[in-house]
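Structure, as structure tokens:
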Amino acid sequence: KAGVTQTPRYLIKTRGQQVTLSCSPISGHRSVSWYQQTPGQGLQFLFEYFSETQRNKGNFPGRFSGRQFSNSRSEMNVSTLELGDSALYLCASSLSLNGGWETQYFGPGTRLLVL
Amino acid sequence: AQSVTQPDIHITVSEGASLELRCNYSYGATPYLFWYVQSPGQGLQLLLKYFSGDTLVQGIKGFEAEFKRSQSSFNLRKPSVHWSDAAEYFCAVGSAGGTSYGKLTFGQGTILTVHP
């Protein structure tokens with residue numbers, strides 16, 4: 001079974017632009033979570049989607065948004081990019097059979113550099 | 001709010017030596033506990049997990065971890081380290097329901113260096 005895939009793997013943007021990152025979960029997985037990883041703040045939770053609904057959101061500004069499609073694929077969008085948004089963005093999927101909590105499996109991440 | 005502490009930012013061991021990475025968590029109920037490993041530029045790979053039951057759990061690559069409720073700890077161990085184990089290790093805690101859906105809280109990570 002294929003793992004979690006994220007596209008693109010690397011991205012360079014300039015301040016003020018917006019960016020969309022994509023995540024395809026493991027086949028059959030219904031929950032997708034997003035994390036931001038930076039050297040200073042470590043791994044921080046952005047949001048989680050299940051059945052196209054956002055169930056949980058971390059402490060990030062409204063510039064960070066996401067969505068999930070009917071096939072469980074998810075996208076996250078960052079508008080009006082700032083230098084501090086440079087990070088590795090990780091997506092994780094879990095089976096979540098009954099909507100409950102299960103093990104998360106991570107993708108390779110998208111490395112975003114904001115100039 | 002749940003939190004995870006990994007007291008050791010950087011650990012250096014010799015190849016073949018034993019290893020213990022420490023993890024302490026703060027959470028009211030029984031947490032879901034995980035150890036992940038990350039190689040440079042890569043995503044996170046699951047080493048092992050604890051949900052309930054036997055407090056000593058076995059994972060991949062010869063790793064094991066022991067859940068000690070009284071000490072709020074979930075330390076990772078390996079009896080003999082290989083050079084390929086050099087990476088960054090993250091302890092994480094999750095909880096069920098409420099406002100915790102799909103949210104893992106991570107420690108700051110421990111960088112493991114292995115000397116030949």
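Test residue A:103 against the stated conditions and say whether it is part of a loop (DSSP other than H, G, I, E, B) and within 12 Å of another protein chain (Cβ to nearest Cβ). When the stated conditions are applied, residue A:103 passes them.
Here's the yes/no breakdown for (1) in a strand (DSSP E or B); (2) in contact (Cβ under 8 Å) with a residue 24 or more places away in the chain; (3) at the interface with chain A (Cβ under 8 Å from one of its Cβ atoms); (4) closer than 22 Å to residue B:16 by Cα:
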{"site": "B:81", "(1), (2), (3), (4)": "no, yes, no, yes"}
{"site": "B:88", "(1), (2), (3), (4)": "yes, yes, no, yes"}
{"site": "B:91", "(1), (2), (3), (4)": "yes, yes, no, no"}
{"site": "B:105", "(1), (2), (3), (4)": "yes, yes, yes, no"}
{"site": "B:108", "(1), (2), (3), (4)": "no, yes, yes, no"}
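More than 30 Å from residue A:87 (Cα to Cα) and surrounded by 14 or more Cβ atoms within 10 Å (Cβ to Cβ): does that describe residue B:4?
Numbers: more than 30 Å from residue A:87 (Cα to Cα): no; surrounded by 14 or more Cβ atoms within 10 Å (Cβ to Cβ): yes.
Against the criterion (more than 30 Å from residue A:87 (Cα to Cα) and surrounded by 14 or more Cβ atoms within 10 Å (Cβ to Cβ)), residue B:4 does not qualify.
Restricting attention to the range A:81-100, and to residues there that are at pLDDT below 95 and not in a strand (DSSP E or B), which single residue is surrounded by the most Cβ atoms within 10 Å (Cβ to Cβ)?
Start the filter on the range A:81-100 by keeping residues that are at pLDDT below 95, which leaves A:94-100.
Those still in the list that are not in a strand (DSSP E or B) too: A:95-100.
Working: A:95: 16, A:96: 22, A:97: 11, A:98: 7, A:99: 13, A:100: 13.
So the residue we want is A:96.
Comparison of B:63, B:34, B:67 shows that the only residue that is within 11 Å of chain A (Cβ to nearest Cβ) and either of a type outside the set (Gly, Ala, Ser) or open to solvent by less than 20 Å² (accessible area, probe 1.4 Å) (or both) is B:34. Quick check on residue A:78: is it crowded, with 22+ Cβ neighbours inside 10 Å and away from every other protein chain (no Cβ under 14 Å)? It is true that residue A:78 is crowded, with 22+ Cβ neighbours inside 10 Å and away from every other protein chain (no Cβ under 14 Å).
Just one residue in the set B:76, B:48 is assigned to a strand (DSSP E or B), within 23 Å of residue A:5 (Cα to Cα) and of a type in the set (A, V, I, L, M); that residue is B:48. Among the residues of the range A:36-57, some residue qualifies, meaning at least one is within 14 Å of chain B (Cβ to nearest Cβ) and in contact with a helix residue (DSSP H, G or I) (Cβ under 7 Å, 6 or more places away or on another chain).
Tell me, please, whether a residue that is in a loop (DSSP other than H, G, I, E, B), open to solvent by 10 Å² or more (accessible area, probe 1.4 Å), modelled with pLDDT under 95 and under 29 Å from residue B:5 (Cα atoms) can be found in the range A:31-39. Looking through the range A:31-39, at least one residue is in a loop (DSSP other than H, G, I, E, B), open to solvent by 10 Å² or more (accessible area, probe 1.4 Å), modelled with pLDDT under 95 and under 29 Å from residue B:5 (Cα atoms).
Could you say which residue among B:14, B:72, B:52 is farther than 30 Å from residue A:9 by Cβ, under 15 Å from the mean Cα position of the chain (by Cα) and small (Gly, Ala, Ser)? First the steps, then the outcome.
Details: B:14 fails: under 15 Å from the mean Cα position of the chain (by Cα); B:52 fails: under 15 Å from the mean Cα position of the chain (by Cα).
Of B:14, B:72, B:52, the one residue that is farther than 30 Å from residue A:9 by Cβ, under 15 Å from the mean Cα position of the chain (by Cα) and small (Gly, Ala, Ser) is B:72.
The values are calculated or read from the model by the stated rules, or taken from the named source; none is laboratory data. All values derive from a computational prediction rather than experimental measurement. Reconstructed Cβ throughout: ideal geometry from the backbone, glycine too, with neighbour counts over all protein chains shown. With ligands, DNA and RNA removed, areas are computed over all heavy atoms of the protein, side chains included. Shrake-Rupley method; radii C 1.70, N 1.55, O 1.52, S 1.80 Å.
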